[in-house]
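Scroll down for the structure; my scribbles are underneath it.
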Amino acid sequence: MRITELLNTERVTISCELFPPKKGTQLENYKKIVADMAALRPAYMSVTYGATGGTSDYTVELANEVYNVNHIPALAHLTCASSTREKVASVVAELKEKGIENILALRGDIPENVDFPLPNQYRHASELIADIRAQGNFCIGGACYPEGHPEAETIFEDLDHLKEKVDAGCEFLTTQMFFDNNILYNFLYKALKKGIDVPVVAGIMPITNRAQVRKSIALSGSMVPKRFLAIVDRFGDDAAAMKQAGIAYATEQIIDLIANGVNHVHIYTMNKPDIAGAILANLSDIYVR
Ligand code: FAD
């Protein structure tokens, strides 16, 4: 199923994210995580590509597990900054062969200590999007940044490039994590003014332990409101309390989004079905599967 079929309706969708294992790790354990997450019946599940320590080698395999074994629509991430065009073409061919129609096309982080871009290498996600489009009838999504991408001088410059991505064939967007919904509402207004009118899926990261605060913020550069920092200060040293508070904070963010007409939410579940399950249980009459 194409993800835009889900996003172009008034129905609320909540999706989850998985990251693949490192090379040499038992794939069987990850298949169990996929099955546990699938049992929660998210609208779709995405599988990252070489992010958060996982290896890109297993992205197609886990996306296959999501779609062909657990029968949940799968969204396979694909990054291009550290890949050749040949490697990208071979991953796209594998996805096509497995019947996976949805790709989140990303530039990825620029590899350190190498000249970038090498001749014939992708420079921006928009180039990857155009290339995937030429290789088949895929439903292509892209990333967007409510606070601006860290490399962009201004949010307006970033929005210009985002519009190029949409014009290249990106049919929906998923946001970087944010911890204050007003940041998203502001962004949506600016994006619409730029003519970016594809569905935007709000990315919510449940922060359930103190270490995650530092790591997630360093990775994303997202602003953390004082209200959230107070929660970490108060509960950060008590694992169970911090987990409960993080789940409650993410739940509250999602309820506010849906109440304000943002119907599509992607939870950065980080391979934790228990956290995804707790949030979805809190939303059982709001997100009806
Ligand atoms: P782009 O859209 O290419 O933008 C990157 C920067 O270049 C921006 O500052 C943009 O304004 C600028 N830019 C774009 N086009 C032009 C142009 N024509 N001229 C000049 N500047 C331009 N990383 C992974 O490694 N694996 C993953 O699975 C993964 N999943 C992600 C999922 C989501 C929802 C998000 C938000 C991020 C994800 N990332 C992942 C991180 C992502 O790869 C990085 O944020 C990366 O730095 C940018 O990728 P992009 O696709 O947004 O790049």
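Any read-out appearing in this document is the output of simple, stated calculations on the displayed coordinates, not a laboratory observation. Since this is a predicted model, take the numbers as computed values, not measurements. Here the Cβ is made from the backbone with ideal geometry for all residues, glycine too, and neighbour counts use every protein chain on show.
Amide H to amide H, which residues 5 or more places from Val201 or on other chains are under 5 Å from it, using H placed in the peptide plane? Hits under the 5 Å cutoff: Leu173, Thr174, Thr175.
Eigenvalues of the Cα gyration tensor times 5, then square-rooted: what semi-axes does that give for the chain, in whole angstrom, largest first?
Semi-axis lengths for the chain are 27, 23, 20 Å.
Listing Lys96, Lys165 from fewest to most neighbouring C-beta atoms within 10 Å gives Lys96, Lys165. The ranking of Glu171, Glu94, Glu10 by Cβ neighbour count inside 10 Å, starting from the fewest, reads Glu10, Glu94, Glu171. On the beta carbon distance between Thr84 and Lys31, with R0 = 30 Å, the FRET formula returns roughly 0.55.
Once the chain from Asp167 to Met223 is taken as fully extended at 0.36 nm per residue, the excess over their C-alpha distance is 17.3 nm. Packing around the peptides 227-235, 64-72, 263-271, taken as the average count of other Cβ atoms within 10 Å per residue, puts them in this order, highest first: 263-271, 64-72, 227-235. Across the chain, the mean sequence separation of Cα contacts (distance under 8 Å, 6 or more residues apart), normalised by length, yields a relative contact order of 20 percent.
Take the Kirkwood radius over Cα pairs of the range 1-114, plug it into Stokes-Einstein at 37 °C and 0.692 mPa s, and you get 226 µm²/s for translational diffusion. Running a GNM on the chain with Cα contacts under 10 Å, which residue among Asp109, Asp57, Asp158 ends up with the highest mean-square fluctuation? Result for the chain, Cα springs under 10 Å: Asp109 fluctuates most. Amide H contacts of Leu75: Met45, Ser46, Val47, each under 5 Å away and 5 or more positions distant or on a separate chain (H built 1.01 Å from N in the peptide plane; Pro and chain starts excluded). With 27 Å as the limit, the listed pairs Lys165/Lys272; Lys163/Lys215; Lys98/Lys272; Lys87/Lys194; Lys32/Lys243 have Lys165/Lys272; Lys163/Lys215; Lys87/Lys194 beyond it between alpha carbons. Taking the number of Cβ atoms within 10 Å of each Cβ as an exposure proxy, the fewest-first ranking of Asp237, Asp167 is Asp237, Asp167.
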